[in-house]
1. Among the residues of the range A:260-272, is any of a type outside the set (Lys, Arg), surrounded by 17 or more Cβ atoms within 10 Å (Cβ to Cβ), under 30 Å from B:Gly221 (Cα atoms) and within 14 Å of another protein chain (Cβ to nearest Cβ)?
2. Name every residue in the range A:242-257 that is of a type in the set (Gly, Ala, Ser) and touching a helix residue (DSSP H, G or I) at 6+ places or on another chain (Cβ under 6 Å), in order of residue number.
3. What pairs come up if the first residue lies in the range A:188-210 and is away from chain B (no Cβ under 13 Å), the second is assigned to a loop (DSSP other than H, G, I, E, B), and their beta carbons are under 9 Å apart, counting only those six or more places apart or on different chains?
4. Just one of A:Arg73, A:Arg150 is basic (Lys, Arg), under 24 Å from A:Ala266 (Cβ atoms), out of contact with any strand residue (DSSP E or B) (no Cβ under 6 Å at 6 or more places or on another chain) and in contact (Cβ under 8 Å) with a residue 60 or more places away in the chain; which is it?
5. Do you know which residues across the range B:226-244 are in contact with a helix residue (DSSP H, G or I) (Cβ under 8 Å, 6 or more places away or on another chain), over 17 Å from A:Gly195 (Cβ atoms) and part of a loop (DSSP other than H, G, I, E, B)?
6. If you scan the range A:165-218, which residues turn out to be assigned to a loop (DSSP other than H, G, I, E, B), among the hydroxyl-bearing types (Ser, Thr, Tyr) and touching a strand residue (DSSP E or B) at 6+ places or on another chain (Cβ under 8 Å)?
7. Return yes or no: is A:Ile227 farther than 21 Å from A:Leu184 by Cα, crowded, with 17+ Cβ neighbours inside 10 Å and at pLDDT 95 or above?
Amino acid sequence: MSAEATAMRHSALVYESRDEYVDRAVAFLREGLDAGEGAVVGNTRSGLAAVREALGPDAARVTFIDVGAAYTRPARTFAAYHKVYAEEFKKAASVRVISDVQYGPEPAEWDMWMGYEALMNHAFAHLPTWAMCSYNANGLPDPLLETVWRTHPEVGTGTTWTKSDHFEEPTQLLRRITPLPEPLPGLRSISSGRGPEALRENLARELKADGVTEAKTLDMLIAVTEIATNAEAHGGGVKDVRLGRANGRFVCEIVDRGNGFDDPTAGYLPPRTGIGRGLWVARQLTWRIDFFRLPQGFTARIWL
Amino acid sequence: MSDAEPQPRLSREQEQALIVGAEAGDPAACRTLVEAFLPAIANLARAYYRGIGVEQKELMQEGVAGLLFAAQRYDTGLDTPFWPYAAFWVRKAMQELVAELSRPVALSDRAVRGLAQIRAARREHLRAHGAEPTDVELSQATGLTPAQVESLLATERPSRSFEEPLTPDDGSTVTLGDVIIDPVAEREYELVLDEIEIREVRDLADQLDERERVVVKAHYGLGRPTQTLGEIGATLGLTAERARQIEVGALTKLRSALAHPALQ
């Protein structure tokens with residue numbers, strides 16, 4: 001399956017050594033600079049230092065991002081790059097980005113970042129940008145390197161670019177890797193009150209009683225307001241609100257009366273015409289949000 | 001090398017609570033989490049400390065940063081305990097530092113000129129003030145940015161061998177390795193803890209003006225007793241409806257701040 005034609009070009013670069021990475025990154029960035037494009041490089045500090053040194057005076061025209069700070073959760077990584085793009089497009093009509101995705105040691109987490117790569121095909125599809133994700137062939141496990149071909153329409157190895165025959169339609173991939181949420185029987189219902197203000201009042205009492213910090217309480221109040229507003233507008237209204245602790249986190253479920261939606265990209269795509277801001281805002285403020293259907297109704301499970 | 005399993009000082013529930021608190025930027029949770037895992041971080045640091053030009057305290061600080069980064073990413077629903085997960089990021093942070101400070105560097109002509117400028121500025125500062133200049137002072141004297149100064153000085157840092165004589169000029173046979181302080185010493189812990197730069201707690205309320213902040217915090221009992229909109233309005237000399245409007249405006253402002261910038 002091929003990728004849809006978009007303003008964005010999304011590629012993967014698989015490199016064998018630091019020297020090869022630096023050579024390819026510098027050539028990629030310089031080509032962009034010569035064409036008047038913006039240029040961004042994301043890597044670890046030592047990776048940035050190597051690219052900076054190799055760029056010489058051109059480094060002053062390149063934006064450097066420490067990926068150690070940007071890659072905590074996919075929603076927050078998208079938000080970080082969204083801000084970078086906003087700055088770059090003030091200076092140039094198109095932008096090149098080369099960035100190392102930060103995979104951790106935990107296979108259960110790899111799927112999350114593979115999902116991030118799949119989402120990337122949609123998140124910035126409307127922007128005139130060439131986003132090149134770099135992968136160290138000698139530093140990443142084989143199962144991860146295999147995913148490169150599933151999430152990028154084209155992959156560069158050595159000096160050749162190959163169109164991926166294994167590219168998977170992103171929403172299909174996301175559905176495939178998203179596990180069914182487990183039941184959380186320990187949650188209890190509270191009154192949703194009449195309207196968002198009463199819901200916030202009830203929720204704030206519960207958060208306070210649970211010892212949640214002020215800052216995180218406000219985050220949750222805003223996130224729940226967004227979800228509840230969606231439920232009122234599109235889901236026939238809030239049917240139930242459940243909350244409690246699970247895995248050490250405060251969890252709040254909003255159940256509505258509608259059929260819900262089946263969109264694994266919901267809340268990950270930066271707001272723009274045709275894409276609302278509510279779920280994007282809610283994801284920025286919380287650890288994770290799962291959307292799923294239960295016999296009781298369509299459920300948004302918000303993890304603080 | 002073992003990942004040095006920490007002593008079981010924390011129950012699973014305590015560990016989860018600290019991770020969630022640290023992820024949210026709670027300084028007390030960060031500190032307690034770091035204290036619990038500092039012995040394990042020190043054991044990892046010990047492996048890197050031998051024979052490289054990096055100070056133990058620097059390694060510990062990088063390790064702590066790695067631990068706090070791990071706390072931001074760790075899914076408390078995983079079956080994997082926290083330390084085996086965090087050890088990966090702690091080791092990676094230390095490797096980053098070592099790579100940055102001890103990598104063989106082929107300096108460009110421009111970098112060599114920059115270094116020469118820095119050395120000259122340092123000599124001049126020492127002559128004039130009798131003390132080592134700070135990076136900021138070197139930046140001001142050379143016209144290089146503080147980041148450039150830091151980067152260039154890092155390239156110049158000499159590697160130190162574990163077996164090199166500590167004071168080569170006096171004929172002493174004491175080596176660097178002989179005087180390495182036990183990394184599990186409490187004093188070392190305190191030095192590191194004192195220098196942890198806990199990231200600022202991101203508080204959305206900071207983006208509100210004073211009146212908006214008072215209304216939102218009082219209405220939802222954030223750091224103060226909960227009040228009705230009528231009570232808040234009375235305090236501020238406003239009607240309850242006006243207080244409600246201020247709250248709605250405040251929440252809309254925060255929502256907009258999180259959604260922007262819009263890129264079409």
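The values are calculated or read from the model by the stated rules, or taken from the named source; none is laboratory data. Fair warning: this is a prediction, and the values are worked out from it, not measured in the lab. Positions of Cβ are backbone-derived with ideal geometry, glycine not excepted, and every protein chain shown enters the neighbour counts.
1. Of all residues in the range A:260-272, those of a type outside the set (Lys, Arg) come to A:260-271.
Going one step further and asking which of them are surrounded by 17 or more Cβ atoms within 10 Å (Cβ to Cβ), we end up with A:260, A:264-271.
From the residues that got through so far, the ones that are under 30 Å from B:Gly221 (Cα atoms) too are A:267.
Filter once more, keeping what is within 14 Å of another protein chain (Cβ to nearest Cβ): A:267.
The answer is yes; a qualifying residue exists.
2. Going residue by residue through the range A:242-257, those that are of a type in the set (Gly, Ala, Ser) are A:244, A:246, A:248.
Hit for the range A:242-257 is A:Gly248, nothing else.
3. Final answer for the pair search is A:Ser192/A:Gly237.
4. Working: A:Arg150 fails: in contact (Cβ under 8 Å) with a residue 60 or more places away in the chain.
Being basic (Lys, Arg), under 24 Å from A:Ala266 (Cβ atoms), out of contact with any strand residue (DSSP E or B) (no Cβ under 6 Å at 6 or more places or on another chain) and in contact (Cβ under 8 Å) with a residue 60 or more places away in the chain holds for just one of A:Arg73, A:Arg150, which is A:Arg73.
5. Once the filter is applied, which keeps residues that are in contact with a helix residue (DSSP H, G or I) (Cβ under 8 Å, 6 or more places away or on another chain), over 17 Å from A:Gly195 (Cβ atoms) and part of a loop (DSSP other than H, G, I, E, B), the range B:226-244 yields B:Thr226, B:Gln227, B:Leu238, B:Thr239.
6. Taking the range A:165-218 as the starting set, the residues that turn out to be assigned to a loop (DSSP other than H, G, I, E, B) are A:165-169, A:178-187, A:191-195, A:210-213.
Applying the additional criterion that residues be among the hydroxyl-bearing types (Ser, Thr, Tyr) yields A:178, A:191-192, A:213.
Scanning the range A:165-218 gives A:Ser191, A:Ser192.
7. Considered against the rule, which asks whether it is farther than 21 Å from A:Leu184 by Cα, crowded, with 17+ Cβ neighbours inside 10 Å and at pLDDT 95 or above, A:Ile227 comes out as no.
Residue-by-condition table, conditions (1) facing another protein chain (nearest Cβ under 8 Å); (2) in contact with a helix residue (DSSP H, G or I) (Cβ under 8 Å, 6 or more places away or on another chain); (3) buried (at least 19 other Cβ atoms within 10 Å of the Cβ); (4) modelled with pLDDT under 95:
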residue: A:Val26; (1), (2), (3), (4): no, yes, yes, no
residue: A:Gly38; (1), (2), (3), (4): no, yes, yes, no
residue: A:Thr44; (1), (2), (3), (4): yes, yes, yes, yes
residue: A:Glu53; (1), (2), (3), (4): yes, yes, yes, yes
residue: A:Arg76; (1), (2), (3), (4): no, yes, no, yes
residue: A:Ala86; (1), (2), (3), (4): yes, no, no, yes
